[in-house]
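Okay, structure first, notes after.
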Amino acid sequence: KKNKKKMSNNNIPTNNRVDWYFRLEELDNSPSRKDGLQLNEENFCRKELCIFLRTIGINLKLPQLTIATSTVFLHRFYTRHSFLTPNLPPREVGLACLFLACKVEETVLRLKDILKEYHNLMIKMKI
């Protein structure tokens, strides 16, 4: 017999529901907010990172689904981690989300290509 996971009424494994769904309190009290970032500042960071991912994705001619998946990964990451964590630079986290999204959505793209486009974008932005 195969070991089956217990499923809820909506076909979601019950032991993983805690990890997937967020309560409103969790969203209102994100780690960034606990570290002193105001709501409008956190929203600005999220928006800028989504624009950053979209720009790189469009420049690399990635499918919209891959770009959207990377933004979902990014938002989910920052519900558990703070924007102010010193060893997690937001742009690098965004690049990791984009790379992971390419793998999940089976979009063939090397990490080298993502990093090259990131470098080109930083030169254009003069950062």
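Bear in mind these aren't lab numbers, they're just calculated from the coordinates by the rules spelled out. Source: prediction; values computed, not measured. Don't worry about glycine lacking a Cβ; one is built from the backbone with ideal geometry, like all the others, and counts go over all protein chains shown.
Around Arg33, what is the net charge, scoring Lys/Arg as +1 and Asp/Glu as -1 over all other residues with Cβ under 10 Å from its Cβ?
-3
Quickly rank 29-36, 91-98 as a protection proxy: mean count of other C-beta atoms within 10 Å, highest first.
Put in order of decreasing packing, that is 91-98, 29-36.
Which of rounded, prolate or oblate describes the range 15-127 when judged by the alpha-carbon gyration tensor and an a/c cut-off of 1.5?
Oblate, because a/c is 1.5 or more while a/b does not exceed b/c.
For Lys112, list the aspartates and glutamates whose Cα falls under 15 Å from its own Cα; do not include residues on the same chain fewer than 8 positions away.
Straight-line reach from Lys112, under 15 Å: Glu92.
Count charges around Leu121 for me, please; just the other residues with Cβ under 14 Å from its Cβ, Lys/Arg as +1, Asp/Glu as -1. Can you show the working numbers first?
Numbers: positive: Arg54, Arg91, Lys116, Lys124, Lys126; negative: Glu48, Glu92, Asp113, Glu117.
Neighbourhood net charge equals +1.
Taking R0 as 22 Å, what's the FRET efficiency between Asp28 and Asn87 from their Cβ-Cβ distance, rounded to 0.05?
E between Asp28 and Asn87, to the nearest 0.05, is 0.30.
To make sure I understand the rule: partners must be aspartates and glutamates, Cα under 16 Å from the Cα of Lys34, and not fewer than 8 residues away in the same chain. Which ones qualify?
Partners found: Glu25, Glu26, Glu42.
Which links in Lys47/Lys126; Lys61/Lys116; Lys61/Lys124 stretch past 22 Å when you go from one Cα to the other?
Values: Lys47/Lys126 20 Å; Lys61/Lys116 14 Å; Lys61/Lys124 18 Å.
Going by Cα-Cα distance, every pair falls inside the 22 Å limit.
Would you mind classifying the range 71-118 by shape? Square roots of the alpha carbon gyration tensor eigenvalues, ordered a ≥ b ≥ c; an a/c under 1.5 is rounded, otherwise it is prolate if a/b is larger than b/c and oblate if not.
The shape class here is oblate.
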